[in-house]
Amino acid sequence: MTFADLGTYQATKPEDVKIWFKACEVSRFPKNGGACIKYKDKQIAVFNFTRIGKWYACQNLCPHKMEMVLSRGMIGEEGGNPKIACPLHKNTFSLETGENLNGNLEAIATYPVKIEDNFVYVGFSE
Ligand code: FES
């Protein structure tokens, strides 16, 4: 059983990053899709948005039914904003702000991503 607790996830702004966690090679991530990495007790969904040349990371935990599924969702755009749709009940969240775009669920935590020497790094404040 997965221990799912929203309090585990705190959104991190680029200026607050203290640790760049080396996740894995760029090629391990699907194009225009997501994969899940683990950092400490956190499951983090990482998305390779090839179409717009950007990467995003957010908690893997969907705040709707507390399922670890967001990395398996579909990514897309809404009004120029990148978003992730939960594969279970299609709640959508901004990958920039974490805001729930089609309801009033709690925002998800988002994290900075950088690519260096063909490796994906996710930024955390702790
Ligand atoms: S569990 Fe994600 S939308 Fe329901």
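The values are calculated or read from the model by the stated rules, or taken from the named source; none is laboratory data. None of the values given here were measured: they were computed from a predicted structure. Positions of Cβ are backbone-derived with ideal geometry, glycine not excepted, and every protein chain shown enters the neighbour counts. These area figures cover heavy atoms from the full protein model, side chains too; ligands, DNA and RNA do not enter into them. Shrake-Rupley method; radii C 1.70, N 1.55, O 1.52, S 1.80 Å.
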Q) When the residues of segment 76-94 are filtered to those that are touching a residue at least 24 places away in the same chain (Cβ under 8 Å) and farther than 19 Å from TYR9 by Cβ, which remaining residue is least open to solvent (accessible area, probe 1.4 Å)? A) GLU77
Q. If you go through segment 38-57 one residue at a time, do you hit one that is more than 14 Å from the ligand (Cβ to nearest atom), open to solvent by less than 50 Å² (accessible area, probe 1.4 Å) and over 12 Å from the mean Cα position of the chain (by Cα)?
A. yes
Q. Residues of segment 59-85 being within 16 Å of the ligand (Cβ to nearest atom) and in contact with a Phe, Trp or Tyr (Cβ under 7 Å, 6 or more places away or on another chain), which ones?
A. GLN59, LEU61, ILE75, LYS83, ILE84
Q.
With the requirement that a residue be outside any loop (DSSP other than H, G, I, E, B) and open to solvent by less than 50 Å² (accessible area, probe 1.4 Å), what does segment 95-120 give you?
A. ASN100, THR110, TYR111, VAL113, VAL120
Q: State which residue pairs qualify: first residue crowded, with 16+ Cβ neighbours inside 10 Å and inside segment 23-36, second residue part of a loop (DSSP other than H, G, I, E, B) and not β-branched (Val, Ile, Thr) in any location, beta carbons under 7 Å apart, and separation of 6 or more residues or different chains.
A: GLY34/GLY73; ALA35/PHE29
**Q.** strands (runs of 3 or more DSSP E) within segment 5-68 that include 3 or more residues of a type outside the set (A, V, I, L, M, F, W, C)
**A.** 33-39, 42-49, 54-59
